[in-house]
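Read-outs throughout are calculated quantities, based only on the coordinates presented, and are distinct from any laboratory measurement. Note that the coordinates shown come from a computational prediction; the quantities given were computed from them, not determined experimentally. Using ideal geometry, Cβ is built from the backbone for each residue, glycine included, and neighbour counts are taken over all protein chains shown.
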Amino acid sequence: MWIISEDIFEPKSQHHKETIFTIGNGYLSTRGAFEEGYPADSRATFVHGMFDRVPIAFTELANATDWLSLIILLNGECFSLDSGTVESYDRHLDLRTGLLIRNVRWRSPSGCVATLKFERFASLEDEHLLCLRCQVEPEFDGTVEVRAGLNGNMDNEGIMHWRRVAQGQRDSIAFLHTRTRATNLDLALAMKVDSDQTPLETAFWDVENFPTLSQTFTVKRSQILSVEKFVGIATSRDTSDPVGMAVEHAGKAINWESAFEAHQQAWAQEWKRADVIIEGDDEAQIAVRFSLFQLLIAAPRHDERVNIGAKTLSGFGYRGHAFWDTEIFMLPVFTYTSPHIARNLLDYRFHTLPAARAKAKENGFEGAWFAWESADTGEEVTPTWVPDFKDKKKLARVWTGDLAIHISADVAYGTYQYWRVTGDDDWFRERGAELILDTASFFGTRAEWIEARNRYEYNDVIGPDEYHDHVNNNAYTNCLAQWNLETAFTVLDWLKVKCPEKLTDLTERLNLTEVRLEKWRKVAANMHLSVKPDGLIEQFDGFFDLKDFKPADYEPRTKSMHEIFGIEAANECQAIKQPDVLMVQYLLHDHYSGEAIRANYNYYNLRTDHTYGSSLGPSIQAIVACMMGYPEDGYEHFVRAARADLRDVRGNAGDGIHGASAGGTWQAVVFGFGGLRLNAEGWKTSPHMPKHWKRLSFKFFQHGKIQVVDIQNPSGAETGNTS
Ligand code: BGC
C-alpha cells in the first residue's frame, strides 16, 4: 500500500492528477505535469521562500524554471499524448521513495511505435538535485532525438515573475540564471544529460531563456535507449553564487543508480520515523501515507525562514501563503514524528515576530498579532478583495486579515505543544517563551472590558467558521485567547525557576510590568463564554437566534452553502463552514466533560457544511466523534478528509494539496482512532477504532525518545512510560 496510480490519462482531470503526482524534497516541489507538456497543463515548480510581488494578493511563490522539459522525437515526429495514438498508459507514484514513473506505448501519426518510460525524483539526500530518466524502446529502426531544456518562460497563471540574468554552458553543463522582478531573488538551474549510447549528434541551443541540450541517437528495433537528466538548483537565499552551486550539484551526480540509492536511503529514514500502519482498510492506509508524503515533501528541513503554505508547494492556490493550517493541522505531525522540522516551522514564526508586532501596533494593540496569511516577511498578505464566487465580475471583501485574531493563539498553541511533546527546553527558553508571552500581550490589549456585562469580550472578529464575519465573542477565539493568557503564567513560572536571566531579559524587552500581568489575569478570569446548562456553547453572540439550517434540506448539491446562500444570507443562518466549538473541545479537551462534548457535537455536527465547507473540519470532527466513543461516526468524517485530494471531493485539488486536511488525516488516525494522549508519566492510548480495522501501529517521539504504538482491534489501551 505505497503506490498511487492511474492506468488511463483523462485530460479533464489533468490538473487534479498533477497535484496528486507532485514530487518534492522539502526545498521545492514539482507538479506532476508531463515532461513533454500537454495543452493547458498547469506545470509548476515552487521553491521555498522564492516570493515575488503580485497585485492584490501582495506576494506569491514564483513558478520557477521548468526543469522537466524533455522533448522526444521519434524519426523526427514529436512525442505527445495529444497526437498519434496512446496504445497503453500508466503512471505510479511510489510514496516510499517519491519516485514518479510513467509508461506510455505510443504510435506516432505516421506509425512509428515506441514504449517510453519516464522516471523522476527530487533528491531527498541532496535537496539541490533533481533527476529525470527516460527510456525509449523503439519498435522501428531510425533515430530518436532528445531535447532536454531548462525553460525559464514560466508564469503564475499569466503573471511573469522572472527576468533573465545569464545563461550558457560550463563544460557540458548548461545553465539558466534568472531573477524575480520585484524582490530580486536569484534562481539558477544547471543541467547535465547522460545517455547509455553515443549520440550521433549533440548540440547546445542557446535559446533565450530556454537553454537546451539536444542529442540524436541511431536506434534499432527493441534496443532500449536510456537518457538521464540531472539538474542542480540553487538560489540567492542559499549562496552568493547560485550558478556555481547549481552547476556543482548537477556535476556531482554520477549516475541514476547512485543518485537514486542515496535518495532512497534518505526516504527510508523518514518512513522509519513517520510511517503509520493500518491493517484492514486499504483506503485509510494509503490515505494516511499519502498525507504524510505530501507533508514531508513540503517540509523545510534546512530552512527556518519559511513556512508551509495552505496548498503546500503543490499548486497555485493561496499563492504559497501560510495560515493557521500550519500550527493547528500540520505542525502536530512534525512535532510528534520529526521535531527538527517542527522547530524550523516555529522558528519561522519567531523570525516574523517583528512583522506581527508591527501589525498589532498599527491596529492600536500591543504584543504580536500574526498575519492571517503569511509569506516571506510575516507581514499581512491576505488579499482585501477577491472575485465574488457568485459573480466573478464583482469583488467580495475578505475580512480574515482584519478580523481573524485567533491566529496568534494558534501559533502560541503550536509552540506550547511542541515544547510539551519534545521537552526542548533550550529552544523554548530562547524562542518559544517569547512567542507565547508576546501573543498573550496582544490578547491582553485586544480584549474589551464591557462594564454593563461585567466581563471581557473580543468583539468584531471572525472565527474559524468563515461563513460568519464581524461576530462578537467567537467561542474558539475567546477560549484560545484565554488559554494563551493562562499559559503565559505557566511560562513565566517556569522561566523564574529555570532561567531567571531570560525572565529578566523578556520582562524588559516585552515590557511585562506587574500592571500588565494583572490585566492578563483579569482578562483570563473574566473572559466571556456563553454556555447552556447542558454544556452547549454558543459559537458567538446571537448564533442561536439565527435562522436554523439542516444541510439535509439542501441535498443533493455540488456547491458550498456559502455559494448557495451568498455571503450576506449565509451570515444570517446557522450553516457553518467548520465547527469552531468542536475545534476548541479537541484542542482543550481536558477542559470539557464527556456530556458537554456530546451536547456540542450533536448540535454543531448537524449544522456543518461537511462536504463543501472547509476541508479543515472533517478530521477534527472525526477526532471528537472518537473522543465520545463513536468511531463509526468518526470514520464517516475521516473518509471526507482522507479523500479530499485523492478523490478531489471539492473539485479544487488542482489548486494544490489541502495541507491542513493531510495533517488532520494523520491526527484523526493517531489522536482520534488511536486515542493517543500524553501525560506527566508518558503517554496512553484509548483506542476507538472502526470495526473493520484490524491493527493500527505508529511511532512518535516524546522527549527525544522514540515510542512505538501497536494496537490490535478489538483492543485494550496501551501505555508508555518515558520518565
Ligand atoms: C478556511 C481557513 C483556512 C484557509 C486555508 C479557508 O477556506 O476557511 O480556515 O485557513 O482556507 O486553508
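Go through THR384, PHE290, SER123 and say which Cα lies farthest out towards the positive end of the charge dipole of the chain; charges sit on Cβ, +1 for Lys and Arg, -1 for Asp and Glu.
Going by the charge dipole, the pick is PHE290.
In whole Hz, what ³J(HN,Hα) sequence does the range 283-294 give by Karplus (6.51, -1.76, 1.60; θ = phi - 60°), x for Gly and Pro?
Going residue by residue, I get 5, 5, 4, 5, 5, 6, 5, 4, 4, 4, 4, 5 Hz, with x marking Gly and Pro.
Quick one: putting +1 on the C-beta of Lys and Arg, -1 on the C-beta of Asp and Glu, what dipole do you get for the range 3-249 around its Cα centre, in Debye to the nearest 20?
Dipole size: approximately 280 debye.
Treating only the Cβ of Lys, Arg, Asp and Glu as charged (+1, +1, -1, -1), what charge dipole size does the range 285-673 show about its Cα centre? Round to the nearest 20 debye.
With only Lys, Arg, Asp and Glu charged at Cβ, the dipole is about 560 debye.
Near LYS117, which lysines are there with a Cα under 25 Å away, not counting those fewer than 8 places off in the same chain?
Partners found: LYS12, LYS17, LYS192, LYS220, LYS229, LYS252.
Rounded if a/c is under 1.5, else prolate if a/b is larger than b/c, else oblate: which is the range 1-50, with a ≥ b ≥ c the root eigenvalues of its Cα gyration tensor?
In terms of gyration-tensor shape, oblate.
Would you mind ranking MET330, MET50, MET1 so that the residue whose beta carbon has the fewest other beta carbons within 10 Å leads the list?
Least to most surrounded, the residues fall as MET1, MET50, MET330.
Semi-axes of the equivalent ellipsoid of the chain: what are they in whole Å, largest first, if each equals the square root of 5 times a C-alpha gyration tensor eigenvalue?
Ellipsoid half-lengths, sorted descending, are 46, 28, 25 Å.
So what are the ³J(HN,Hα) numbers for the range 34-39, from phi and the Karplus equation (6.51, -1.76, 1.60; θ = phi - 60°), rounded to whole Hz, Gly and Pro as x?
6, 4, 8, x, 7, x
If each of ALA452 and THR719 carries a label point 7 Å out from its Cα toward its Cβ, how far apart are those two points in nm?
According to this spin-label approximation, the distance is 5.3 nm.
To the nearest 20 debye, what charge dipole does the chain have about its Cα centre, counting +1 at the Cβ of each Lys and Arg and -1 at the Cβ of each Asp and Glu?
Magnitude of the dipole: close to 380 debye.
Using just the helices of the chain, give the 222 nm mean residue ellipticity in deg cm²/dmol: DSSP H runs with n ≥ 4 each add -39,500 (n - 2.57), and the total is spread over all residues, rounded to 500.
-10000 deg cm²/dmol, from helical runs alone.
Could you work out the local net charge near ILE706, counting Lys and Arg as +1, Asp and Glu as -1, over the other residues with Cβ closer than 10 Å to its Cβ?
+4
Rounded, prolate or oblate, given the Cα gyration tensor of the range 327-473, with a/c below 1.5 counting as rounded?
Because a/c hits 1.5 or more and a/b fails to exceed b/c, the range 327-473 counts as oblate.
Report the dimensions of the range 285-673 along its three principal axes from the alpha-carbon atoms, largest first, rounded to Å.
In descending order, the Cα extents are 62, 53, 47 Å.
Between ALA174 and residues 5 or more places away or on another chain, which pairs have amide H atoms under 5 Å apart, with H built 1.01 Å from N, and which residues are they?
Amide H neighbours of ALA174, under 5 Å, 5+ apart: MET191.
Sorted by average packing, counted as other Cβ atoms within 10 angstrom per residue and highest first, what order do 606-617, 165-176 take?
606-617, 165-176
By per-residue mean of other Cβ atoms within 10 Å, what is the highest-first order of 349-355, 474-480?
Sorting 349-355, 474-480 by mean packing, highest first, produces 474-480, 349-355.
Taking K and R as +1 and D and E as -1, what net charge do the other residues with C-beta under 13 Å from the C-beta of ALA475 add up to?
Around ALA475, the surrounding residues sum to -4.
Counting Lys +1, Arg +1, Asp -1, Glu -1, what net charge surrounds GLY142 among other residues with beta carbon under 11 Å of its beta carbon?
So the surrounding residues net to -2.
Of THR97, VAL165, PHE9, which is farthest on the positive side of the dipole of the chain, counting Cα position, with +1 on Lys and Arg Cβ, -1 on Asp and Glu Cβ, and the Cα centre as origin?
Comparing the listed Cα positions along the dipole, THR97 ranks first.
More than 24 angstrom separation, counting every C-alpha pair in the range 3-249; what % is that?
46
Residue-wise, which Karplus ³J(HN,Hα) couplings in Hz belong to the range 318-324, taking 6.51 cos²θ - 1.76 cosθ + 1.60, θ = phi - 60°, and x for glycine or proline?
Once rounded to whole Hz, the list reads 6, 6, x, 6, 9, 10, 5.
Could you list VAL333, VAL709 in order of exposure, starting from the residue whose Cβ has the fewest other Cβ atoms within 10 Å?
Fewest to most other Cβ atoms nearby, the residues stand as VAL709, VAL333.
Using mean Cβ contacts within 10 Å as the protection proxy, how do 541-550, 683-692 order, highest first?
683-692, 541-550
Residues in the range 200-229 near a label at ASP141, defined as backbone nitrogen under 11 Å from the 7 Å Cα→Cβ point?
In the range 200-229, the label zone of ASP141 (backbone N under 11 Å from the point 7 Å along Cα→Cβ) covers 219-221.
Which whole-number percent is the relative contact order of the chain (Cα, under 8 Å, 6+ apart)?
Value for the chain: 12 percent.
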